[in-house]
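See below for the structure under consideration.
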Amino acid sequence: MRAALQAIRQGRPAAEGRGAPPAAGEGGGGRPPRGEGRRARRPGEIPARGWASILKRAVLQSNDDRVMTEAAGITFYALLSIFPSLTALVSVYGLFADPVTVSNHLQQLGGFVPEGGMQIINEQLQRLTGGEPSKLGFGLISGLVLALWSANKGTKAMFDALNVVYDEPEKRSFIRLTLVSLAFTLGALVFILIAMGAVVVLPVVLRFAGLENSTEWLLRLARWPLLLLVITCLLATLYRFGPSREKARWRWVSWGGVFAAVGWAAISAGFSWYVGNFGNYDATYGSLGAVVGFMTWIWLSAMIVLVGAELNAEMEHQTARDTTTGPEQRMGRRGARMADTVA
C-alpha cells in the first residue's frame with residue numbers, strides 16, 4: 001500500500017509537488033529568483049526570510065507526507081525489531097562480559113527512555129540471560145545473522161519513510177538496499193556496545209588514575225551533551241545515506257540532525273516525565289500499558305527524525321546551488337529531486 005501511495009506521489013502533476021521539474025533545454029527550469037537564499041552554498045548563508053519559507057514548507061510538507069502515519073509504520077517494524085536486536089546485543093556482549101550485567105549497563109544509558117520501555121527491555125533481557133551461558137555463545141554466527149536480518153526491517157521502514165520525505169522512488173536494487181540497511185543496523189548495535197563498554201571501562205580507568213572523585217561530576221554533566229553529539233552525527237549519516245538519491249553534502253544534512261537530536265531529547269524527557277507523573281497507561285490498557293507507552297515513545301521519536309529530514313529537504317529546496325556531492329551539476333542532472341528543483 002505504501003508503495004502504491006508513493007507511486008501516486010511520483011506521478012502527480014508538478015504543480016502539486018514541492019517544485020516544478022526543470023524545463024527541457026534550460027538545465028534547471030530557467031533562472032531561479034534571487035533573494036531568500038536562492039544562491040546559498042550552505043545553510044548559514046540563507047537569510048531570515050528564506051528560513052521563514054523553509055520552516056513554513058517543512059510544516060506543510062510534514063502534513064502532506066503524512067509524517068505521523070509514516071512514523072506509525074516505523075513504530076510497528078521497530079517494535080518487531082526490538083527483540084531480535086536485544087538477542088544480537090546479548091550474544092555479542094556475552095563474548096567479552098557477563099551477559100547478566102547487560103541490563104544494569106543499559107539502564108545507565110536509558111535516561112531518555114520512559115519507565116515502561118525500560119521495563120519491557122529488562123524483562124526480555126532477563127529471559128535471554130536466564131539460560132545457560134554456553135548457549136549465548138554457541139552458534140553465535142547463525143543466531144546473530146538471523147537477529148540482524150529480523151532487526152533490519154525497522155531500518156528499511158525508516159529508509160522508505162525518508163524516500164517519501166525527499167520525494168524519491170526507491171531506485172536501489174534489493175541487494176544494495178539490504179546491504180546499506182544491514183550496515184546501519186549493525187552500526188547501531190556497535191554504537192550501543194561501545195557506549196555500554198564506556199560505562200564499564202571509564203570508571204575503572206578513572207579509579208586507577210586516582211581521578212574518580214575529582215572528575216565524577218564532570219562526567220555526569222558531560223555525558224548527555226556527548227550523547228546528543230553522537231546522535232546528531234548518526235542522524236546526519238542516516239539523512240545522507242538513507243534516501244534513494246544522490247548523496248547530499250554533510251552541511252545540508254547536519255542542521256536537521258541537530259534539530260532532530262535536540263528535539264528527540266526534549267520530547268523523550270518530557271514524555272518520560274509525563275508518564276512518571278500523570279500518564280497511567282495501565283489504568284486504560286491493563287497489562288498492555290507498558291507496551292502502549294513504549295510504542296508511543298518510539299512513534300514520537302520516529303516522527304521527530306522525519307521532521308528533521310523534512311527540514312533538510314526544504315533547505316536543499318530553497319537554494320539553486322548544487323547540494324549534492326561531486327562536481328557541480330546543473331539543475332536537472334543532480335540525481336535528487338530536492339536538489340533539482342527550487343521552491
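The values are calculated or read from the model by the stated rules, or taken from the named source; none is laboratory data. Quick caveat, the model's predicted, so the values are computed rather than measured. Reconstructed Cβ throughout: ideal geometry from the backbone, glycine too, with neighbour counts over all protein chains shown.
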Checked the stretch 296-333 for anything over 14 Å from the mean Cα position of the chain (by Cα) and of a type in the set (S, T, N, Q); matches are Thr296, Gln318, Thr319, Thr323, Thr324, Thr325, Gln329
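Among the residues of the stretch 224-264, how many are over 13 Å from the mean Cα position of the chain (by Cα) and in a helix (DSSP H, G or I)?
Of the stretch 224-264, the ones over 13 Å from the mean Cα position of the chain (by Cα) are 224-227, 229, 244-252, 255.
Narrowing the set further to residues that are in a helix (DSSP H, G or I) leaves 224-227, 229, 250-252, 255.
Of the residues in that region, 9 qualify.
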Return the pair list, or none, for Cβ contacts closer than 6 Å from residues in the stretch 162-184 that are touching a residue at least 24 places away in the same chain (Cβ under 8 Å) and more than 16 Å from Leu306 (Cβ to Cβ) to residues that are polar (S, T, N, Q) and loosely packed, with under 15 Cβ neighbours inside 10 Å, at least 6 apart or on different chains. Pro169/Gln10
Could you tell me which of the residues Ala97, Ala4, Ala52 is outside any loop (DSSP other than H, G, I, E, B), at pLDDT below 80 and either more than 30 Å from Leu193 (Cα to Cα) or over 25 Å from the mean Cα position of the chain (by Cα) (or both)? Ala4
Among what's in the stretch 267-291 and is more than 24 Å from Val165 (Cβ to Cβ) and crowded, with 16+ Cβ neighbours inside 10 Å, pick the residue that is modelled with the lowest pLDDT. Gly279
Sole residue being in contact (Cβ under 8 Å) with a residue 60 or more places away in the chain and outside any helix (DSSP H, G or I), chosen from Ala313, Ala320: Ala320
Condition set touching a helix residue (DSSP H, G or I) at 6+ places or on another chain (Cβ under 6 Å) and of a type in the set (Gly, Ala, Ser), scope the stretch 164-197, selection surrounded by the fewest Cβ atoms within 10 Å (Cβ to Cβ): answer is Ala195
